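The values are calculated or read from the model by the stated rules, or taken from the named source; none is laboratory data. Values in this document were obtained by computation on a predicted structure and should not be read as measured data. Positions of Cβ are generated from backbone atoms using ideal geometry, with glycine treated the same way; all protein chains shown enter the neighbour counts. The area values use the complete protein model at the heavy-atom level, side chains included, leaving out ligands, DNA and RNA. Shrake-Rupley method; radii C 1.70, N 1.55, O 1.52, S 1.80 Å.
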Amino acid sequence: SAVISQKPSRDICQRGTSLTIQCQVDSQVTMMFWYRQQPGQSLTLIATANQGSEATYESGFVIDKFPISRPNLTFSTLTVSNMSPEDSSIYLCSTREGPIYNEQFFGPGTRLTVL
Amino acid sequence: TQLLEQSPQFLSIQEGENLTVYCNSSSVFSSLQWYRQEPGEGPVLLVTVVTGGEVKKLKRLTFQFGDARKDSSLHITAAQPGDTGLYLCAGALSGGSNYKLTFGKGTLLTVNP
């Protein structure tokens with residue numbers, strides 16, 4: 001399976017600022033996903049990022065708040081904009097490995113705390 | 001409304017005990033996966049089940065997919081401290097997008113030595 005790394009692993013940010021999270025994969029992948037994992041909650045899909053096209057956002061998530069870049073087949077970024085304490089969460093990127101059964105493999109996550 | 005309900009939410013047991021965690025839904029899934037997540041790490045895929053009634057074994061872990069493909073269980077025999085972690089079930093809805101996964105909230109397992 002692909003090896004996925006994320007930067008930063010954790011950060012503490014002030015309200016109103018923005019943070020960009022990087023996701024690097026060691027092989028070329030078509031689909032990359034960004035999830036949010038809030039304390040005590042399940043993983044929630046924010047958006048799907050395909051190279052060469054605009055990201056597809058899930059209900060409740062908008063591009064102005066979570067802009068995503070996908071410049072090539074091994075890299076993606078997620079920006080959390082104009083942060084508030086409610087954005088405190090773990091942010092995870094993943095790739096899809098199994099074309100039939102949609103097995104996904106995850107990066108280690110970025111733990112974000114907004115003060 | 002949570003599409004995939006996991007139970008129990010928390011489980012603390014002694015080393016050597018057996019346990020079962022459940023993942024239930026009123027919806028049908030074309031496939032269902034179990035992941036384990038340790039603190040500071042992303043979820044790691046354990047198994048994928050796709051056929052109703054299917055049983056898969058991974059060492060001391062036994063996974064079962066319900067006949068109607070609406071539920072699944074994970075049974076651990078003789079639990080070890082290394083089994084400690086958050087167990088997540090996730091499924092791809094039958095007839096839905098073939099790349100979206102729906103996750104349960106997870107079962108946080110602690111195995112005490």
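Set the Förster distance to 41 Å, then compute FRET efficiency between A:Gln51 and B:Thr20 from the Cβ-Cβ distance, nearest 0.05. It comes out at approximately 0.45.
Only the Cβ atoms of Lys and Arg (+1) and of Asp and Glu (-1) were treated as charged; on that basis the dipole of segment B:1-102 about its Cα centre amounts to roughly 300 debye.
Legend: distances between Cα atoms for A:Lys7/B:Lys70; A:Lys65/B:Lys100; A:Lys7/B:Lys59; pairs beyond 30 Å are A:Lys7/B:Lys70; A:Lys7/B:Lys59. Projecting the Cα positions of A:Ala2, A:Pro85, A:Thr44 onto the charge dipole of the protein assembly as shown (unit charges on Cβ atoms of Lys, Arg, Asp and Glu, taken about the Cα centre) puts A:Ala2 furthest along the positive direction.
Here the Gaussian network model covers chain B, with springs between Cα atoms less than 10 Å apart; of B:Gly95, B:Gly40, B:Gly52, B:Gly40 fluctuates the most.
Run the dipole for the protein assembly as shown about the Cα centre, Lys and Arg Cβ at +1, Asp and Glu Cβ at -1, nothing else charged, and hand back the magnitude in debye, nearest 20.
Working: 17 positive and 18 negative charges, 24 e Å.
For this selection, approximately 120 debye.
Dimensions of the protein assembly as shown along the principal axes, based on C-alpha atoms and rounded to the nearest Å, stand at 47, 39, 35, largest first. Comparing Cα centroids, segment B:10-47 and segment B:48-78 end up 10 angstrom apart.
Relative contact order of chain B, taken over Cα pairs closer than 8 Å and 6 or more residues apart, is 36 percent.
Computing Rg and the Kirkwood Rh from the Cα coordinates of segment A:39-91 gives a ratio, Rg/Rh, of 0.97.
When a/c is below 1.5 the answer is rounded, else prolate if a/b is larger than b/c, else oblate, so apply that to chain A with a ≥ b ≥ c taken from the square roots of the Cα gyration tensor eigenvalues.
Working: a/c = 1.67, a/b = 1.58, b/c = 1.06.
Taking the square roots of the gyration eigenvalues as a ≥ b ≥ c, chain A is prolate.
For chain B, the C-alpha radius of gyration sits at 1.02 times the compact-globule guess of 2.2 N^0.38 Å, with N the residue count.
Using the Cβ-Cβ distance between A:Thr79 and A:Val3 with R0 = 22 Å, the FRET efficiency computed as 1/(1 + (r/R0)^6) comes to roughly 0.40.
Chains B and A: buried accessible surface, both sides, probe 1.4 Å, rounded to 100 Å²?
On the way: alone 6120 and 6300 Å², together 10660 Å².
When B and A are taken together, about 1700 Å² of accessible area is lost.
Among the cysteines of the protein assembly as shown, those with no neighbouring cysteine Cβ under 4.7 Å are A:Cys13.
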